[in-house]
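Reviewing the structure listed below.
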There are 2 protein chains.
Amino acid sequence: MGQLLRVQNFMLSADGFGSGEGQSIDRPFGHADPTALAAWAIPTASWPGRTEPGGTRGIDDYFVRDFHHGIGAEIMGRNKFGPQRGPWANHDWTGWWGDSPPFHTPVLVLTHHPRPSFTLDDTTFHFIDATPAEALQQARSAANGKDVRLGGGVATVRQFLDADLVDTLHVAVVPVELGRGERLWHSPDELDDRFHHESTASPSGVVHHVFWRR
Amino acid sequence: MGQLLRVQNFMLSADGFGSGEGQSIDRPFGHADPTALAAWAIPTASWPGRTEPGGTRGIDDYFVRDFHHGIGAEIMGRNKFGPQRGPWANHDWTGWWGDSPPFHTPVLVLTHHPRPSFTLDDTTFHFIDATPAEALQQARSAANGKDVRLGGGVATVRQFLDADLVDTLHVAVVPVELGRGERLWHSPDELDDRFHHESTASPSGVVHHVFWRR
């Protein structure tokens with residue numbers, strides 16, 4: 001079935017924003033509260049940040065656990081990797097995720113300012129200046145036959161949608177309003193010309209939207 | 001998080017039956033039509049019997065694809081394995097699934113009439129006369145650290161529920177009525193004293209019920 005490009009567990013406000021305004025080192029999602037966006041996912045058994053046993057195994061957990069299944073590489077934009085803009089002042093910044101990032105595969109960071117690759121635990125970050133199509137080709141090669149996850153942020157997802165490279169999307173629409181920020185859509189129906197689209201409401205209050213290429 | 005015992009993609013009629021009456025070599029589900037029970041699953045991309053590329057990747061596919069994830073062994077009852085009863089006349093019968101069964105792990109078949117193990121493709125069938133607790137211990141050992149799937153049929157699922165050995169269940173309730181046969185429940189709420197319980201309706205008309213131990 002080939003190597004799909006998949007968006008997984010992409011969290012969006014009810015008014016269509018994936019991130020708030022004003023990203024900084026203390027506010028990776030700007031004025032948005034990431035724990036509010038992820039409130040449906042954090043209690044699940046499969047949440048990557050879980051350190052204790054237990055956790056829920058309901059509908060939400062089905063989506064959370066699919067984050068890793070069959071994935072061999074991730075592509076992310078530079079603004080998901082860090083708050084810096086322009087040339088790197090130094091290479092001290094190694095991402096938001098500490099010593100054990102939740103990816104466990106090669107990660108390709110799209111940037112006009114490449115820097116040397118480095119490895120944390122079982123995640124290796126590579127920095128490439130490439131078009132979406134070129135980046136996908138490199139990621140497929142790195143994924144060793146598995147699928148590639150498109151990790152975001154919003155601008156990166158939009159670029160790959162515009163280039164018609166995305167095969168499946170799972171977007172979790174959360175019952176919070178952000179008012180401003182990085183907008184993915186005005187309405188989930190905007191993708192219906194190119195994708196099959198199903199949605200299901202979870203008891204947590206989240207609506208899971210699933211899309212796959214027509 | 002230990003090795004869970006999981007019921008996955010267990011298909012049930014709207015009136016609570018997992019199988020019809022009158023199992024025979026031509027009718028593994030008795031008077032029930034297995035393609036009607038599985039009508040929601042067969043079109044999905046992850047359906048184990050799929051031979052062509054393509055298939056849907058909506059809500060139903062999330063459940064279908066979880067059938068294999070993290071599973072290292074299956075336990076099934078003898079009536080899932082075949083229509084024979086009592087001592088084996090011979091060992092010619094190797095299951096309903098042809099040369100490439102959809103399990104791809106060790107399978108422990110519970111029977112009072114053990115017979116020699118055999119392997120088809122990457123599935124090995126073992127036949128054991130054991131209590132549910134003993135069978136689960138053997139399956140965990142065979143699963144190499146992974147979870148164990150409880151494959152059914154209904155009587156087997158009920159035995160393991162009665163012994164309080166089941167950690168999670170996914171039951172897909174299909175919009176067909178059978179009237180008689182092997183009954184799992186009168187109502188899905190019967191398990192609510194021991195399990196958390198969530199349900200979600202799929203566009204296909206199936207209702208997915210998910211349970212996990214309290």
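The values are calculated or read from the model by the stated rules, or taken from the named source; none is laboratory data. Computed from a predicted structure; not experimentally measured. Cβ: placed from backbone, ideal geometry, glycine included. Neighbour counts: every protein chain shown. For the accessible areas, the whole protein counts, side chains as well, though only heavy atoms, and no ligand, DNA or RNA atoms are used. Shrake-Rupley method; radii C 1.70, N 1.55, O 1.52, S 1.80 Å.
Within the set B:Arg57, B:Arg65, B:Arg27, the sole residue that is more than 16 Å from the chain's Cα centre (by Cα), buried (at least 17 other Cβ atoms within 10 Å of the Cβ) and charged (D, E, K, R) turns out to be B:Arg57. Here B:Arg50 passes the criteria (1) over 17 Å from B:Val206 (Cα atoms); (2) over 13 Å from the mean Cα position of the chain (by Cα); (3) surrounded by 19 or more Cβ atoms within 10 Å (Cβ to Cβ) except the one numbered (3).
Test A:Gly179 against the stated conditions and say whether it is surrounded by 17 or more Cβ atoms within 10 Å (Cβ to Cβ), away from chain B (no Cβ under 14 Å) and of a type in the set (Gly, Ala, Ser). When the stated conditions are applied, A:Gly179 does not pass them. The combined condition, being within 14 Å of another protein chain (Cβ to nearest Cβ), open to solvent by less than 40 Å² (accessible area, probe 1.4 Å) and among the acidic types (Asp, Glu), is fulfilled by B:Asp167. For the residues A:Val154, A:Val171, the requirement of being within 30 Å of B:Ser204 (Cα to Cα) and under 19 Å from the mean Cα position of the chain (by Cα) singles out A:Val171.
The strands (runs of 3 or more DSSP E) falling completely within the range A:91-204 that include 2 or more residues that are over 28 Å from A:Asp26 (Cα atoms) and touching a His at 6+ places or on another chain (Cβ under 8 Å) map to A:195-201. B:Ser100 fulfils the conditions (1) without any contact (Cβ under 8 Å) to a residue 24 or more places away in the chain; (2) over 30 Å from B:Ser204 (Cβ atoms) except for a single criterion, (2). Just a yes or no: is a residue in the range A:149-156 open to solvent by 70 Å² or more (accessible area, probe 1.4 Å) and modelled with pLDDT of 95 or more? So far as the range A:149-156 goes, no, none of its residues is open to solvent by 70 Å² or more (accessible area, probe 1.4 Å) and modelled with pLDDT of 95 or more. Under 7 Å by Cβ, and 6 or more places apart or on different chains, what pairs join a residue from the range B:65-81 that is within 14 Å of chain A (Cβ to nearest Cβ) and part of a strand (DSSP E or B) with one that is crowded, with 18+ Cβ neighbours inside 10 Å and among the charged types (D, E, K, R)? So the pair list comes out as B:Ile71/B:Asp147; B:Ile71/B:Arg149. Checking each residue in the range A:1-31 for being away from chain B (no Cβ under 14 Å), more than 22 Å from A:Thr94 (Cα to Cα) and of a type in the set (A, V, I, L, M) picks out A:Met11, A:Leu12, A:Ala14. Of everything listed in (1) touching a Gly at 6+ places or on another chain (Cβ under 9 Å); (2) farther than 27 Å from B:Gly22 by Cβ, the single unmet condition for B:Pro101 is (2). Among residues of the range B:34-54 that are away from chain A (no Cβ under 13 Å), those with a beta-carbon under 8 Å from a residue that is polar (S, T, N, Q) at least six positions away or on a different chain give the pairs B:Leu37/B:Ser13; B:Ala39/B:Ser204; B:Ala41/B:Asn9; B:Ile42/B:Thr35.
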